[in-house]
Structures are given as structure tokens and as C-alpha cells.
Amino acid sequence: MSETPIVVVGAGLQGLCSALALVERGEPVRVIERREGPALETSYANAGMLTPSQPDPWNSPGVGKHLLQSLGRNDSAMLLRVRALPSLLGWGLRFLRNSSPSRHRRATRNVFALAQYSLGATAALRESLGLEYEASTLGTLKLFRDRKAFETSLGIVKRLAEAGLVFRALDADGLVAAEPMLAPVYGDFFAGLHFPGDECGDAHLFCQALAAQLEARGVRVETGVEVKSLRCHSGHVQGLELADGVVEAERVVVAAGCWSHALVRSAGLRLPVRPAKGYSLTVEARHLPERPALAVLDDHLHIAVVPLGTRLRIAGTAEFAGMDPRIRAPRVQNLVDHFLRIYPELAAELDLRAGTTWAGLRPMSADGLPLIGETAIRGLYLNTGHGQLGWTLAVGSGQVLADLVIGNPPGVEPNPYLASRAL
Ligand SMILES: Cc1cc2nc3c(=O)[nH]c(=O)nc-3n(C[C@H](O)[C@H](O)[C@H](O)COP(=O)(O)OP(=O)(O)OC[C@H]3O[C@@H](n4cnc5c(N)ncnc54)[C@H](O)[C@@H]3O)c2cc1C
């Protein structure tokens, strides 16, 4: 064990899970975070779902046509903005190259393996440390408005069942039996799938709990400190440049979400990760006599409605718009319109205008898999690129990263996720 601390850059889900896993393996760690607290970027108000059941990367066969059709359309679930095109060129070609049926199937299997491992690790951590983050273990209900979409999903799910995914197929009656709050829209949905192994919970609360666990172990999350660039020499990392000085380090873990790209660039590497903006609207539902119990995912509208304690979170949409964090009113309206189609009666009881709107940037890798482990620069590690599944994959990815750093065999075969495949 080296006495020089490993510096983890970023206190979102990946940075905090990496830091805790390293500390648990006896390594000295420092966490440096630009914002004023942990998890104030993409890990702040995501949909909150832990879904090994949804491992298929977004670059499914035919995605190119779909994205081109979305140009300039604010009502499209997946939207490509024209001005983002130049920043997406090289990455976009790789994203499309990975959308062949065989590559997409392989990536789906590999994401599923890491997600299953991660969910087990999340539950173990929750229980051993008594973490409280409004967790629910009731599973996800996926809703389908037509037979074709249902059958396509059923095909994917049946293949994953061979690898351990548990599911129940439900007809319209079964859907309402599983989630009685869907009764007013009985008949709108052709069928559904229930995934009892999925979970949900508030990622920001989870991150705050992890930061407290780190502090209890003597690791301070140094907030309000921005890393300006990485310092490397002769193929080795040497440290970090801050605004007011230099931190020397022989081992650095970049877990800076979408901002990892710029940091890694300062070391001369090109990270194939680009942002896909998503939105959420969180509404207080404490006053309602009955609230939905299950997280639901509408396959056609691409949105999720997730109970988090007494609140409901409506989340979704993907916008390739570069590093643009702005909250755009038409995209929020999109969420509201879709919510009205799932829970019209519930929506009438809620004050949606008093809800909290939020937008975050998902760090999307070009091949749909995260990048974990050492790069071509000795001592420079990554834990990023988890895209739409960064909460699902966080605890497991942190453990894989920590095992790779100390040279232990990880609890899941790490080859598909190694950062060295790309840099
Ligand atoms: C709308 C939406 C819904 C989602 N829903 C789900 C879901 O239901 N389930 C799921 O599994 N995933 C979901 N995700 C994805 C998930 O939220 C992300 O993959 C995950 O939060 C990424 O975590 P991260 O730690 O990589 O990045 P971040 O949370 O962005 O953390 C990176 C941190 O690094 C810091 N940083 C950046 N640059 C520097 C620097 N130079 N110096 C110091 N610090 C720096 C940032 O301030 C930030 O705190 C969703 C995402 C969105 C947008």
C-alpha cells in the first residue's frame, strides 16, 4: 500500500463509490469536488431507478434514422440539436458503428452483468452501513402501448432471463393489479413487464450518506475546489493543477462525469464520452391519500414516474445539445404532458407548477459501456461514461475500479469495461 493518497476527482455517484471502495480496501484517499457539496451535478435529481432490467444501450439498431428525424423537434424523446453536431462528429460515428445488432446485443449482456453485480453490492452496502436514501425494493413496471414494442422488449428480456433477470409479463388487468393507480388509464396499455429485482432511491441522499461515511473514516470531500488540469510526465501521472497550487499524486481517479472529457484532454487523451441532457420534475405528493407504489417506465413516451418517499419524480428525455445545462421550458412541458397520459387523475391532485425542475448531463460513452480502470498513462484511472445507468452501475463500478487499482480480481469480469479499450 502506498502512503501518497489516491486523488479522486469528482464527488458524484462514481467518485464517491470509488472513494469508499478504495478506503475499504485500506487505501488513503482524497476527494476533490468543484461544486459546494457532493452530487450537485448529474447525480442530483436523476430518475432514481436501479434497473438491471434496462441494460440495452441507447444506440440500438436504427438509432441514426431516429436521431436525424428528431432534429429541431422539441417533442421528441431523443433530440439532436444542430449546433451540437460538430462536437459529436467522431463520437457520433463510433456511437453509430456500435449500433449493429450483434454489437448492441453484446453490450446489452455486458451492461446487465455489471448492473446485476452492482445491485447486489448496493444492497450489501445499504444494509452493512445502514444507509438511508428513500430506497424501495418493489421493482419496476414497464408499460407498453402496442404489441410490437412489447414483443421486441420481451425478446430482449427472455435472453437476459438466461443470465438471471427475473420478470413477469402482465396483461392490462395484471398491470392494474400490480399498480392500482393505473386504473384510470386501463386499456391505454397493451401489456407490461414487472421486474421485481429492480430498486429505486434518491441518488443525492445516497451520495450525502456516502460522503458522511467517508468523513467518518477520515476522508474529507474537499468541496469548492476545481481541478484545472492533470500533470503527467513520461507516461506517468504526477498530480493535479488547482487554481491556487499543485497537488502531487501518483494515482488519480477521474470520476468527473461529462467534465472528465476536458480533464483527460489536458493529459493528451481523447475520451469518447459526450453529454446527453435529461430532465426531471419532482413533486410533493404527501397530501394524497394514495400514491403509486411502483416505479413505472413508459416504453413509448420514454419517461419514468418514480416514488421517492412522499415525492414523485417524473424524469426522462435525452437531448444531444453539448455541454448546455440550461433548463428549457418546452422540454419540461414535454415531461408534464407525458405524465398526464400515465396518471391523469393523479396529476389533477398535484401542484405540478410548484414542482422542482432540474436538468442533468448524462456521460454517454460511444459503445454504451462505462470506462473503468487505468488509461495508457500510468497511475491515471477513470470511472466514467455510465450514461443513463450511472446510478444502477455506481456501487459495482466503484468496487471494480478499486479492485483494479489494488490489483485484486474484481467480482465481475472487468474486460468489457476497461478504460484501456478506448485510451
Ligand atoms: C434525467 C436523468 C435521469 C437519470 N435517471 C437515471 C436512473 O434512473 N438510473 C440510473 O442508473 N441512472 C440515471 N441517470 C444517469 C446518472 O444520473 C448518471 O450516469 C450519474 O449521475 C453520473 O454520475 P457521475 O459521478 O459520473 O457524474 P456527476 O454526478 O456529474 O459527478 C461528477 C462530479 O465531478 C465534479 N467535477 C467535474 N469537473 C471537475 C473538476 N475539474 N474538478 C473538480 N470536480 C469536478 C462535478 O462537479 C460533479 O460533482 C439519469 C440521468 C439523468 C440526467
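The values are calculated or read from the model by the stated rules, or taken from the named source; none is laboratory data. What you see is a predicted model; the values in this text were computed from it and never measured. Don't worry about glycine lacking a Cβ; one is built from the backbone with ideal geometry, like all the others, and counts go over all protein chains shown.
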**Request:** Please identify the pairs in which a residue from the range 237-254 that is farther than 18 Å from Ala19 by Cβ has its Cβ atom under 8 Å from the Cβ atom of a residue that is polar (S, T, N, Q) and part of a strand (DSSP E or B), counting only partners at least 6 apart or on another chain.
**Result:** Glu241/Ser229; Glu248/Gln238
**Prompt:** Out of curiosity, is Gly218 assigned by TED's automatic domain parsing to the domain that holds Glu36 and either more than 15 Å from the ligand (Cβ to nearest atom) or of a type in the set (Lys, Arg) (or both)?
**Reply:** yes
**Request:** Among what's in the range 338-387 and is of a type in the set (Val, Ile, Thr) and either closer than 30 Å to His233 by Cβ or part of a loop (DSSP other than H, G, I, E, B) (or both), pick the residue that is nearest to the ligand (Cβ to nearest atom).
**Result:** Thr384
**Request:** Those residues that are within 18 Å of Leu205 (Cβ to Cβ) and not in a helix (DSSP H, G or I), I need them from the range 100-132; list them, please.
**Result:** Gly130, Leu131, Glu132
**Item:** strands (runs of 3 or more DSSP E) completely within the range 2-87 that count 2 or more residues being out of contact with any Gly (no Cβ under 6 Å at 6 or more places or on another chain), within 16 Å of the ligand (Cβ to nearest atom) and at pLDDT 95 or above
**Value:** 6-9, 29-32
**Prompt:** On the given criteria, is Thr140 within 19 Å of the chain's Cα centre (by Cα) and assigned by TED's automatic domain parsing to the domain that holds Ile303?
**Reply:** yes
**Complete:** Matching residues in the range 237-287 (near the ligand (Cβ under 10 Å from one of its atoms), buried (at least 17 other Cβ atoms within 10 Å of the Cβ) and in a helix (DSSP H, G or I)) number 6
**Asked** Condition test on Ala304, is it within 25 Å of Ala347 (Cα to Cα), within 9 Å of the ligand (Cβ to nearest atom) and modelled with pLDDT under 95?
**Response** no
**Only listed residue being away from the ligand (no atom under 11 Å from the Cβ) and at pLDDT below 95, chosen from Pro330, Pro325** = Pro330
**Prompt:** Regarding Val395, is this residue within 30 Å of Gly316 (Cβ to Cβ) and assigned to a helix (DSSP H, G or I)?
**Reply:** yes
**Item:** Test result for Glu290, touching a helix residue (DSSP H, G or I) at 6+ places or on another chain (Cβ under 8 Å) and either away from the ligand (no atom under 12 Å from the Cβ) or of a type in the set (Gly, Ala, Ser) (or both)
**Value:** yes
